[in-house]
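Shown next, in structure tokens, is the structure this report addresses.
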Amino acid sequence: MLRIVQDGTPEAARELARLESRGESDFERVEPVVREILAAVKSEGDAAVLRFTEKFDKRRPDPLFRSSFDGEGALARLPEKARDAMKRAADRIRAFHEKQLAHFVRSTTFRYTDDDGATLGWRARPMARVGVYAPGGKARYPSSVLMSAIPAKVAGVAEIVLATPLQGDSSESARAAAGGHATDDALLAAAHLSGVKSIVDAGGAQAIAALAYGTQTIPRVDKVVGPGNLYVACAKRFVFGAVAIDSIAGPSEILVVADDEADPRLVAADLLSQAEHDEAAYPLLVCASRAMAEAVASEVTTQLATLPRVAIARASVEANGVAFVARTRARLAELADLIAPEHLSLQVRDPDELFHAVVRVGAAFLGPLTPEAAGDYAAGPSHVLPTGGTVRFGSPLGILDFFAHSSVISYSQGALVAQAELITELARLEGLEAHARAVEARLAPAKRREDSLRR
């Protein structure tokens, strides 16, 4: 199932070209529906959100917006081991972002006076209200609530609103299917641990629209973060400008780079850890020999057979699983940089040295003892990462995503005199006479005083 291609062949070139365009989501197919939803929510508010939720999810939330929720109770209802694991993960995520903030805070404000006497600077402030989106359906990830909301809380965001379609089912059968707890408890517990203040009980494009535009009951946010399906991604793309967004996330992806010292079992396990996310996920391998590629391919087939989500993982491997056999160690890094993966696992001798040769990567996992799953749940850095090759310009979600920045400019009389000719010359070069006169108007009183002294 894992296709093996030799680097430097036409087949490898075709695969690399396909991967280069993997971030181009099929928005055209969903754009008309998403535009309709956004326009309706913008004009009708709650009524439209409820109408589309009934249409797509066959449910009518009551209430649609919850300004409070029993997150503490949900946490208490979780099985003890699950509760303790979630608390520990939250603590680790918080600790990482607090260290990130401590490093950043040293430069949140600065000012200096230049040689002309102008005082210049920069100031950062946390956003007031942020929306965190958490998917529903088959992809319900409390970990994404922790990974999205905790960085916002640490950054100083005053209000965090979670948008997620709640199941609202506490029957015995639902509890059994969810590991012994109510289906919403894990999400509500994660929200409680993350500092979420309120919940929008809706998903899809209608939830993104409600966060971006606001409704009669749902407050408008400054930024929307968190992953979702194609409709959610398309909606985030269209509301950008009315609100900030983190990124437009596509299917999950991992690239494992393995030399001949790597353990094929571990390589295959990491590939499948991403393949089980989604049929459209990308489990990719760059290795040093065909023998390693074949050993990993065999392990993938063996391990797939016992996975509970075998159908999803198999579809991912069959559609997108590729093993590139590189010619040299240097080429291992070159191929990794070309692919620009969301997750990069370096199962090689001296992984640090190889990592420094790779520029474009979302999160790097160095050495065979570092499973990608650690980054998904407990390591500390947010697992919300750029996908589809957008690590070329994108970054992991972190505290910096929740700050807005301001420039600070203050001129003394001497600074204005020193730069007046510079400013007016450029203004008149662009045909903007009022700009030039705004400078000269400030110089006129000083010139009059100077003329008076001369007399």
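Cα axis of helix 310-320 to longest principal axis of the chain: angle in degrees, 0 to 90, nearest 10?
That helix lies at roughly 60 degrees to the long axis.
What FRET efficiency comes out for the pair PHE27/ARG51, r = Cβ-Cβ distance, R0 = 25 Å, nearest 0.05? Please report the intermediate quantities before stating the final value.
Values: r = 23 Å, r/R0 = 0.92.
The pair PHE27/ARG51 has a calculated efficiency of 0.60.
For segment 247-343, what is the per residue volume of the convex hull drawn over the alpha-carbon atoms, in cubic angstrom?
Expressed per residue, the convex hull around the Cα atoms of segment 247-343 is 85 Å³.
Taking all protein chains together and a probe of 1.4 Å, list GLU72, GLU440 from the most accessible to the least accessible.
Details: GLU72 125, GLU440 70 Å².
Putting GLU72, GLU440 in descending order of accessible area: GLU72, GLU440.
Just grab the label-to-label distance for GLU44 and SER298, each label 7 Å out from Cα along the Cβ direction, in nm (one decimal).
Going by the 7 Å Cα→Cβ label model, 6.0 nm.
Let me check something: with ligands and nucleic acids excluded, how do VAL5, VAL310 order by accessible area (1.4 Å probe), largest to smallest?
If we order VAL5, VAL310 from most to least accessible, we get VAL310, VAL5.
Please list the radius of gyration and Dmax for segment 1-83, considering alpha-carbon atoms only, with Å as the unit.
When restricted to Cα atoms, segment 1-83 yields Rg and Dmax of 23.0, 59 Å.
Taking the Cβ of LEU385 as the center, what net charge do the other residues with Cβ under 15 Å away carry, scoring Lys and Arg +1 and Asp and Glu -1?
Result for the local shell: -4.
Past the 27 Å Cα-Cα mark, which pairs from LYS58/LYS236; LYS197/LYS223; LYS55/LYS81; LYS87/LYS236; LYS81/LYS236; LYS55/LYS87?
Result: LYS55/LYS81; LYS87/LYS236; LYS81/LYS236; LYS55/LYS87 exceed 27 Å.
Probe 1.4 Å, all protein chains in place: accessible area of LYS87 in Å², nearest 10?
Rounded to the nearest 10, that gives 90 Å².
Work out the FRET efficiency for GLN167 and ARG329 from their Cβ-Cβ distance, taking R0 = 56 Å, and round it to the nearest 0.05.
Computed FRET efficiency for GLN167 and ARG329 comes out at 0.70.
Please compute the per residue accessible area over the chain with all protein chains in place, 1.4 Å probe, rounded to a whole number of Å².
I get 48 Å² per residue for this part.
Quick check: at a probe of 1.4 Å, how many percent of the accessible area of the chain sits on carbon and sulfur atoms?
Roughly 53 percent of what the probe reaches on the chain is carbon or sulfur.
Taking 0.36 nm per residue of sequence separation and subtracting the Cα-Cα distance, how much length would be gained by fully extending the chain between GLN419 and SER395, in nm to one decimal?
Going from the current span to full extension adds 4.8 nm.
Report the FRET efficiency, 1/(1 + (r/R0)^6), for ARG123 and THR217, where r is their Cβ-Cβ distance and R0 is 41 Å, rounded to 0.05.
So, using R0 = 41 Å, E works out to roughly 0.80.
Evaluate the Debye formula for segment 1-140 with equal point scatterers sitting on the alpha carbons, no solvent, and hand back log10 of I(q)/I(0) at q = 0.21 Å⁻¹, in q order, two decimals.
Debye curve over Cα of segment 1-140, log10 I(q)/I(0) at q = 0.21 Å⁻¹: -1.30.
The values are calculated or read from the model by the stated rules, or taken from the named source; none is laboratory data. Remember, predicted model here, so these are calculated numbers, not experimental data. Reconstructed Cβ throughout: ideal geometry from the backbone, glycine too, with neighbour counts over all protein chains shown. Ligands, DNA and RNA are stripped out before the accessible areas are found, and what is left, the full protein with its side chains, is counted by its heavy atoms. Shrake-Rupley method; radii C 1.70, N 1.55, O 1.52, S 1.80 Å.
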